[in-house]
Amino acid sequence: LAMHGYHDKFGSFPPPATYDTDGQPLVSWRVLILPCIDLPDTKELFAQFRLDEPWDSPHNLPLADEMPEVYRCPSDSLPPRTTGYVAAVGDGTYFPPHGTVRYTDVKDGGALTGMVGERLSSNIVWTQPDDLIFDDQFTHGGGFSSAHEGGWQMLMGDGTVRFVTENIDRRVYRSIMTVAGGEPVDEDDF
């Protein structure tokens, strides 16, 4: 819902990160959607961030201790401040490395396009602009995994959450990561 709330407010889904003038990533999309999460204190937490500073700046780093519980899967025992929810960042995904995606860009259907998935034993601080890279080496699993037997949970572009089996066909797996690839995918394929 926060992703769609962000789109309603800004006209696109969030970028993977904010960037400085040299193109270096600063803070994660997870920070950017805070005002759209309907939980106490998320708007106030967002207001404390300096979006023009890196996630680990002296000002922003202490805010990582305030991670909202929605960024932690109850089945994963991660260290404090770390999240197991990651996006696939790459050309053709909901998180292109340069730019953003609008509803009108999603030609393959939100229900069949993955947005964010689980990564077991992640060491990513939730404010850190670090996610999975969607490129030619993004193969079966692509880094998504979970403590759930047989696969992982994935947030789809329509806001639903689907269980993706670890036995998913590689072609289907790559297809569900692109917003407008035109590949034929059926809901029963994963």
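For this structure, a couple of remarks:
- Accessible area of region 82-147 belonging to carbon and sulfur atoms, whole % at 1.4 Å probe: 50
- Cβ charges +1 (Lys, Arg) and -1 (Asp, Glu), total dipole of region 45-120, debye: 140
- Nonlocal amide H pairs with L26, under 5 Å, H built at 1.01 Å: T18, Y19, D20
- Accessible surface for L32 stands near 10 Å², nearest 10, in the context of the full protein assembly shown (1.4 Å probe).
- Calculated accessible area for region 66-190 comes out at 47 Å² per residue, all protein chains present (probe 1.4 Å; ligands, DNA, RNA ignored).
- Check: region 137-190 dipole with +1 on Lys, Arg Cβ and -1 on Asp, Glu Cβ, in debye: 260
- Residue of T127, T100, T113 that the Gaussian network model of the chain assigns the largest fluctuation, springs spanning Cα pairs under 10 Å: T100
- Cα centroid separation, region 1-45 to region 119-190 (Å): 21
- Highest to lowest packing among 146-157, 86-97, 49-60, scored as the average C-beta count within 10 Å: 86-97, 146-157, 49-60
- Taking amide H as placed 1.01 Å from N in the peptide plane, S146 has its amide H under 5 Å from the amide H of L120, each at least 5 places away in sequence or on another chain.
- Remark: region 119-134, residue by residue, has Karplus-estimated 3J(HN,Hα) of 9, 5, 6, 5, 10, 7, 5, 4, 8, 6, x, 9, 9, 7, 9, 8 Hz, where x stands for each Gly or Pro and the curve is 6.51 cos²θ - 1.76 cosθ + 1.60 at θ = phi - 60°.
The values are calculated or read from the model by the stated rules, or taken from the named source; none is laboratory data. All of these numbers come straight from a predicted model, not from anything done at the bench. Reconstructed Cβ throughout: ideal geometry from the backbone, glycine too, with neighbour counts over all protein chains shown. Note: accessible area is taken over every heavy atom of the protein model, side chains too, but ligands, DNA and RNA are not part of it. Shrake-Rupley method; radii C 1.70, N 1.55, O 1.52, S 1.80 Å.
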